[in-house]
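Some notes on the structure that comes next.
The values are calculated or read from the model by the stated rules, or taken from the named source; none is laboratory data. What you see is a predicted model, and the numbers here were worked out from it, not measured in a lab. Cβ placement follows ideal geometry from the backbone for every residue including glycine, while neighbour counts extend to all protein chains displayed.
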Amino acid sequence: MGINKNELTVEQIRKAMECKDAAELMELAKSEGFEITKDEADSYLEELSDIELDKENLDKVAGGGCYSDCKAEAWL
(Lines give C-alpha, C1' and ligand atoms only; values in the text may rest on other atoms or scores of the structure.)
Protein backbone atom coordinates (compact mmCIF):
# COMPACT_ATOMS: atom_id res chain seq x y z
CA MET A 1 0.00 0.00 0.00
CA GLY A 2 1.36 3.43 -0.91
CA ILE A 3 1.62 6.44 1.33
CA ASN A 4 -1.04 9.12 1.57
CA LYS A 5 1.17 12.07 2.47
CA ASN A 6 -1.77 13.89 4.03
CA GLU A 7 -2.05 11.20 6.71
CA LEU A 8 1.58 11.34 7.84
CA THR A 9 2.36 12.59 11.32
CA VAL A 10 4.99 15.21 12.08
CA GLU A 11 7.13 12.51 13.67
CA GLN A 12 6.89 10.28 10.59
CA ILE A 13 7.96 13.17 8.36
CA ARG A 14 10.89 13.97 10.67
CA LYS A 15 12.02 10.34 10.62
CA ALA A 16 11.71 10.19 6.83
CA MET A 17 13.81 13.34 6.48
CA GLU A 18 16.57 11.62 8.47
CA CYS A 19 16.77 8.62 6.12
CA LYS A 20 20.01 8.49 4.15
CA ASP A 21 18.89 6.24 1.30
CA ALA A 22 15.94 4.44 -0.27
CA ALA A 23 16.57 1.21 1.64
CA GLU A 24 16.45 3.04 4.98
CA LEU A 25 13.25 4.85 3.97
CA MET A 26 11.68 1.59 2.80
CA GLU A 27 12.49 -0.01 6.17
CA LEU A 28 11.05 2.99 8.04
CA ALA A 29 7.89 2.88 5.92
CA LYS A 30 7.51 -0.84 6.60
CA SER A 31 7.90 -0.28 10.36
CA GLU A 32 5.12 2.34 10.12
CA GLY A 33 2.78 -0.04 8.26
CA PHE A 34 3.43 1.15 4.70
CA GLU A 35 4.83 -0.77 1.74
CA ILE A 36 6.73 1.33 -0.81
CA THR A 37 8.87 0.42 -3.78
CA LYS A 38 12.46 1.55 -4.29
CA ASP A 39 11.28 3.95 -7.00
CA GLU A 40 8.72 5.47 -4.60
CA ALA A 41 11.35 5.75 -1.87
CA ASP A 42 13.77 7.46 -4.28
CA SER A 43 11.01 9.87 -5.31
CA TYR A 44 10.08 10.69 -1.69
CA LEU A 45 13.75 11.25 -0.79
CA GLU A 46 14.13 13.61 -3.73
CA GLU A 47 11.09 15.58 -2.54
CA LEU A 48 12.33 15.63 1.04
CA SER A 49 15.81 16.81 0.03
CA ASP A 50 14.30 20.10 -1.15
CA ILE A 51 12.52 20.72 2.15
CA GLU A 52 14.01 22.46 5.15
CA LEU A 53 11.23 23.21 7.61
CA ASP A 54 11.40 24.56 11.10
CA LYS A 55 9.05 23.11 13.73
CA GLU A 56 6.31 25.70 13.09
CA ASN A 57 6.21 25.06 9.34
CA LEU A 58 6.53 21.30 9.78
CA ASP A 59 3.47 21.39 12.05
CA LYS A 60 1.59 23.29 9.34
CA VAL A 61 2.49 20.71 6.69
CA ALA A 62 1.25 17.95 8.96
CA GLY A 63 -2.08 19.71 9.51
CA GLY A 64 -1.22 21.60 12.67
CA GLY A 65 -1.93 25.07 11.31
CA CYS A 66 -2.46 27.30 8.32
CA TYR A 67 0.08 28.15 5.68
CA SER A 68 -1.11 31.74 5.41
CA ASP A 69 -2.42 34.09 8.06
CA CYS A 70 -5.58 32.21 9.04
CA LYS A 71 -6.77 35.01 11.33
CA ALA A 72 -7.41 37.13 8.25
CA GLU A 73 -9.67 34.49 6.73
CA ALA A 74 -13.21 34.10 8.00
CA TRP A 75 -15.32 30.99 7.50
CA LEU A 76 -18.64 31.77 5.91
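Could you list, in sequence order, the residues of segment 29-50 that are of a type in the set (A, V, I, L, M, F, W, C) and either closer than 12 Å to residue 3 by Cα or not in a helix (DSSP H, G or I) (or both)?
Listed by number, the residues that qualify are 29, 34, 36, 41.
Which of (1) at pLDDT below 65; (2) part of a loop (DSSP other than H, G, I, E, B) does residue 71 not meet, given it meets every other one?
Checking residue 71 against (1) at pLDDT below 65; (2) part of a loop (DSSP other than H, G, I, E, B), the one that fails is (2).
Filter segment 17-28 for residues that are touching a residue at least 12 places away in the same chain (Cβ under 8 Å), under 14 Å from the mean Cα position of the chain (by Cα) and more than 16 Å from residue 5 (Cα to Cα) and give the result.
Answer for segment 17-28, where residues must be touching a residue at least 12 places away in the same chain (Cβ under 8 Å), under 14 Å from the mean Cα position of the chain (by Cα) and more than 16 Å from residue 5 (Cα to Cα): just 19.
Hey, could you check segment 1-28 for residues that are part of a helix (DSSP H, G or I) and of a type in the set (Gly, Ala, Ser) and say which is modelled with the lowest pLDDT?
Restricting attention to segment 1-28, the residues satisfying the condition of being part of a helix (DSSP H, G or I) are 5-7, 10-18, 22-28.
From what is left, the residues that are of a type in the set (Gly, Ala, Ser) are 16, 22-23.
On the way: 16: 90, 22: 95, 23: 96.
Ranking the qualifying residues of segment 1-28, first place goes to 16.
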